[in-house]
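Below you'll find the structure, written out as structure tokens, and then a few comments.
Nothing in this text is a laboratory measurement; each read-out follows from the coordinates by a stated rule. Since we're looking at a predicted model, the values are computed, not measured. Ideal geometry is used to build each Cβ from the backbone, glycine not excepted, and the neighbour counts take in all protein chains shown.
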Ligand code: NOJ
């Protein structure tokens, strides 16, 4: 287990939209290098970079055409290596995004595999035996290749699924078992990609749809086996490299598959939305000031997963990512401050999505860009200052428009504002680094008794008290301590913590 993860705080950079260093209207790697000090200044010591590989960008780069080459719009392989080096000089780590489940349909492997002529790449993707064979239970593209067969897609139509075989072979005429040599070769090819970038200095990978490899693998047994093989490679040859799964099933991702980290997302209704977002949870989201503030449902779902995995890896809470509306679409500023206090004081490894530190808004009305659809509104350019294009670019035509509102938050107008989300985010991250109790593997004890507000949890000697609701609340603790930090009006008096509406208090019980 790479030791650095225990005190890691990640910053997710969507490269298209972070900083444009050459005025062509789109963010680039040199732009990221220029802004590393900014990222470090937030207290983030690691970066997750969304895909920067060559791609036709039908899914913003999650449709890879060449795993070995940086997309020209972002720069060159040499630029990426310079980013690794510049980050390392500042004691920062960089994770690339690995997309192992599918490629672009323009990838040379697919160009060969879709031909009628048999080759050693014919089994790299999942083709049926003939075009008349299209089982409805699979997502297939039908009748568009020279080859007589339909192919399975993993996500959008332009993303054919790579072939890692089937766990339960139900159509032996076209499905390969997962231990077939050709399926093993697909995994070898992906491991070669990983080695290539690790040898160039990257510090690991965020793994896209990590659970999607072997098909009909209900319990993900064969999929986990592939990742175990990858983990063995890392342990042997790259022991400091880290992998975080987009799996959202920590037991499987961490305990079975050997990932160091797994995201806490909502893919399997695992409670992320129940905390910060409304959606199907309506008024029940914990941080909704008009809701119930009830952490119990979340705790009952999260704690067993945490307890089962805490000795083997980390669950990652994120402020947001490039796939979901920013939390500004759901919660007011005070609530968002509390959300950040929560995320950065929980165990595991936290992830901050670029722009969330200044409260960037979700741009709901944008036309889809590069397969973004509703996600486009969370992918707009970073807002740096009051200059041209809010400091993102000198260009006249932007990849996506910047927030045009008069009161758009920028780094410049938030940084020194004591009432800003920026202030809370940077303070919380600083406290996380300062107190070992708040590190990834520090203890956690939830004090959730029924549906009480405020709710509280203890991390070693520190206790976090939250009142997310729009009315006052108090809790009888029976103990005192020093106030380490507070948001909103909160006091400790006579063995009680009294919290004004929407407030937070961090208490140190062994000063
Ligand atoms: C998850 C990624 O986060 C998302 O942006 C992408 O579209 C899909 N996987 C497909 O690769």
Margin query: Using the basic label-point model (7 angstrom from Cα toward the beta carbon), what is the residue 173 to residue 188 distance in nanometres?
Written below: 3.0
Next item on the list: Could you line up 379, 185 from fewest to most neighbouring Cβ atoms inside 10 Å?
Entry: 185, 379
Checklist line | Where labels lie 7 Å past Cα in the beta-carbon direction, separation of residue 509 and residue 137 in nm | finding: 5.2
Note to self: Compute the distance from the alpha-carbon center of the stretch 424-443 to that of the stretch 191-240, in whole Å.
What the structure shows: 29
Next item on the list: Please find the FRET efficiency linking residue 284 to residue 216, where r is the Cβ-Cβ separation and R0 is fixed at 30 Å, and quote it to the nearest 0.05.
Entry: 0.30
Next item on the list: Just rank 203, 24, fewest to most, by other beta-carbon atoms within 10 angstrom.
Entry: 24, 203
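Can you tell me the relative contact order of the chain? Whole percent, Cα pairs under 8 Å, sequence separation 6 or more. Don't skip to the end; give the middle numbers.
On the way: 1138 pairs, mean separation 70.0, N = 511.
Rounded, it is 14 percent for the chain.
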Note to self: Over the Cα atoms of the chain, what radius of gyration and what Dmax do you get, in Å?
What the structure shows: 23.5, 81
Check: Among 69-78, 165-174, how do they line up from the highest to the lowest mean number of other beta-carbon atoms within 10 Å?
Finding: 69-78, 165-174
Next item on the list: Report, to the nearest 10°, how far helix 221-237 tilts away from the longest principal axis of the Cα atoms in the chain, using its own Cα long axis and a range of 0 to 90°.
Entry: 80
Margin query: Just want the ordering: 206, 139, from fewest to most Cβ atoms lying within 10 Å of their own Cβ.
Written below: 139, 206
Next item on the list: Which order do the peptides 217-226, 464-473, 92-101 take when ranked by the mean count of other beta-carbon atoms within 10 Å per residue, highest first?
Entry: 92-101, 464-473, 217-226
Item checked: Folded to 0 to 90 degrees: helix 333-343 orientation relative to the chain principal axis, Cα -> 70
Checklist line | Diffusion coefficient, µm² s⁻¹, Stokes-Einstein with Kirkwood Rh over alpha-carbon pairs of the stretch 61-119 at 10 °C and 1.306 mPa s | finding: 117
Next item on the list: Calculate for the chain the 222 nm mean residue ellipticity that helices alone would give, adding -39,500 (n - 2.57) per DSSP H run of length 4 or more and normalising by residue count, nearest 500 deg cm²/dmol.
Entry: -7000 deg cm²/dmol
Next item on the list: With everything on Cα atoms, drop me the angle between helix 181-199 and the longest principal axis of the chain, reported from 0 to 90° to the nearest 10.
Entry: 50
Check: Given the C-alpha centroids of the stretch 40-103 and the stretch 135-177, what is the distance between them in whole angstrom?
Finding: 29
Margin query: Binning at 5 angstrom from zero up to the longest distance, how are the C-alpha pair distances of the stretch 144-274 distributed in percent?
Written below: 2, 10, 17, 21, 20, 14, 9, 5, 1, 0
Next item on the list: Using a cut-off of under 17 Å, list every residue of the stretch 28-45 whose amide N is near the label point 7 Å from the Cα of residue 22 along the Cα-to-beta-carbon line.
Entry: 28-35
Item checked: Highest to lowest packing among 232-238, 29-35, scored as the average C-beta count within 10 Å -> 29-35, 232-238
Note to self: Please compute, for the alpha-carbon atoms of the stretch 102-163, the extent along each of the three principal axes and give them in descending order in Å.
What the structure shows: 27, 22, 17
Check: Between residue 144 and residue 451, what length comes free when the chain is fully extended (0.36 nm per residue of separation minus the Cα-Cα distance, one decimal in nm)?
Finding: 104.9 nm
Next item on the list: Please tell me the relative contact order of the stretch 443-508 in percent, rounded to the nearest whole number, where contacts are Cα pairs under 8 Å and at least six residues apart.
Entry: 32
Item checked: For the stretch 386-511: rounded, prolate or oblate by the Cα gyration tensor [a/c cutoff 1.5] -> prolate
Note to self: For the pair residue 196/residue 494, report the inter-label distance in nm, with labels modelled 7 Å from Cα in the Cβ direction.
What the structure shows: 6.9
Check: Using bins 5 angstrom wide from zero, how does P(r) for the stretch 443-508 break down, in % of all Cα pairs?
Finding: 4, 20, 32, 29, 13, 2, 0
